[in-house]
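Each remark here refers to the structure printed beneath this line.
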Amino acid sequence: MKRIWAYSLILIPFLGNAVSFNDFTKRAYDVSEQVIESNGRMNAIGFEKASALAGDPLSIETSTRRIKADDTMDSGKEYGIMLDYAFKMPSFKAAQANEFELKKKETEHEIATHKGSIQVALKRGWLMYQLEHERSVILSEKRDFSYKAYQVGEKKFKAGRLSQMEFLRLESEYQSTVQDLASVMMEAEHAQHYLKEAVMSDEEVMIDDLKFEFIEADSIHNRIMNTPILKSLDIRIDTLNAQIATLRHSTIEAVSVGIGMTQEPTQNSVDFRLTIPLAISSKNENKIAALMNERSALVNMREVSRQKLELSVQGLFDHLKERKENINVLRENEKKYETLFAMAHKGYEGGVIGQFEYLASKNAYYDARLRTLQVKQEYIEEMSAIEEKLGGIW
């Protein structure tokens, strides 16, 4: 009993300072390993871009050789020095810059995807915690009611007005309710631990603006078009297009210009040099062909993924609609069982209804409430499955 009451302290969700779901998820983003890693990669891409687009350093080339002419007066040593600088072609440089921008965009999308997954998981975690709390309230009432019935039965048993079989029935029902409550409290504790771990906090998590609500199948197509998987494929297609553009501009990547001087025994000269590298071969064309084939596969994959998402999400929404109808029916049944229990209570007090019939009507009321919560849990789990597919909360 002490252990049960200790657990019950965990299930008081409105003590202390509550936070908004938005603030709670921001804190979870800050301590998410995936988000931290992706942010680090984002910063690294900026430095990689600056390094790739920066000009090559100046280079100095020196030479010396001995000249032996027919006329000894013309013999001697030749010295040369040349200062080189390579200019990247503007079109190639722009293509490279576009590739890095797409890398940055891909990482931004990755961060957004991580955040969407965190939101979905935290919403499910909080709703499940609230659900377990509701269960604990019902089972606490059922336990207290069973305990009172057990105490009454014990007195009757000692007075010889209740058989041992009936007394054992009361005792076993009470013990069963105690175990059920302990199990639910443990589940609530697990849910709370998950939420605390997500934000690295020792304090109890309390969210004041998020509660269970039904969702409607509005704008499914628009939501599907903005799902992480389709956006990721779009970015990958754009990245391949950028790589193709870079290869097409890489025939001449850079032009090297040099200026220097040569000193010979009989003369001095100022020298100029222009170096233009050419990639005239089928190497680039084959690379482009490979990338174009990969791009075609991604375009096809994107369309298939979209169609599968639409079928899957629509099917899940059909299930949600059925679960919503079941919940509404079960809530109506709860009212009926509550009315029956009220009638049984009056009958019991008037001596018309026996104790076990009275207990049965009360337990039927509790069980009706618990059945509603079970279907509600199934709704939350299926809603969470939809949100995982769509990459964000509804």
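The values are calculated or read from the model by the stated rules, or taken from the named source; none is laboratory data. These figures come from a predicted structure and were not determined experimentally. FYI the Cβ positions are ideal-geometry reconstructions off the backbone, even for glycines, and counts take in every protein chain you see. Please note that ligands, DNA and RNA were not included when accessible areas were found on the heavy atoms of the full protein model with its side chains. Shrake-Rupley method; radii C 1.70, N 1.55, O 1.52, S 1.80 Å.
Computing Rg and Dmax of the Cα atoms in Å directly from the structure and comparing it against (i) 20.4, 59; (ii) 37.9, 143; (iii) 21.9, 68 singles out (ii).
Each Lys and Arg Cβ is given +1 and each Asp and Glu Cβ -1; about its Cα centre, the range 316-394 then shows a dipole of about 260 debye. Highest GNM mean-square fluctuation among Thr275, Thr262, Thr251, for the chain modelled with Cα contacts below 10 Å: Thr262. Taking packing as the residue-averaged number of other Cβ atoms within 10 angstrom, the listed peptides 126-133, 73-80 run from highest to lowest as 126-133, 73-80. Would you be so kind as to identify which of Ala198, Gly116, Phe157 lies farthest towards the positive end of the dipole of the range 83-206, taking Lys and Arg as +1 and Asp and Glu as -1 on Cβ and the Cα centre as origin? Of the options given, the answer is Phe157. Let me see the P(r) profile for the range 181-263: every Cα-Cα distance counted, bins of 5 Å, each bin given as a percent of all pairs. Calculated over all Cα pairs of the range 181-263, the distribution is 3, 9, 8, 8, 8, 9, 10, 9, 7, 5, 6, 5, 4, 3, 2, 2, 1, 1, 0, 0 percent.
Magnitude of the charge dipole for the range 23-390, about its Cα centre and with charges confined to Cβ atoms of Lys, Arg (+1) and Asp, Glu (-1), is about 740 debye. The share of accessible area on the chain that comes from carbon and sulfur is 53 percent, using a 1.4 angstrom probe. Of Asp84, Asp238, Asp218, the residue with the greatest mean-square motion in the GNM of the chain, using alpha carbon springs below 10 Å, is Asp218.
Shape class of the range 66-122 from the alpha-carbon gyration tensor: prolate, with a/c at 1.5 or above and a/b greater than b/c.
Rounded to the nearest whole Hz, the Karplus-based 3J(HN,Hα) values (6.51 cos²θ - 1.76 cosθ + 1.60, θ = phi - 60°) of the range 289-298 follow the sequence 4, 5, 5, 5, 5, 5, 5, 4, 5, 5, with x at glycine and proline.
Residues considered: Asn268, Asn300, Asn363. Largest GNM mean-square fluctuation over the chain, using C-alpha springs under 10 Å, is found at Asn268. Contact order for the chain, expressed relative to its length and based on alpha carbon pairs under 8 Å spaced 6+ residues apart, stands at 24 percent. Rounded to the nearest 10 degrees, the angle from helix 21-30 to the longest Cα principal axis of the chain is 40 degrees. Of the cross-linked pairs Lys115/Lys196; Lys123/Lys336; Lys104/Lys308; Lys336/Lys362; Lys148/Lys362, those separated by over 20 Å at the C-alpha level are Lys123/Lys336; Lys104/Lys308. Per residue, the solvent-accessible area of the chain (1.4 Å probe, heavy atoms of protein chains only, all protein chains present) comes to 59 Å².
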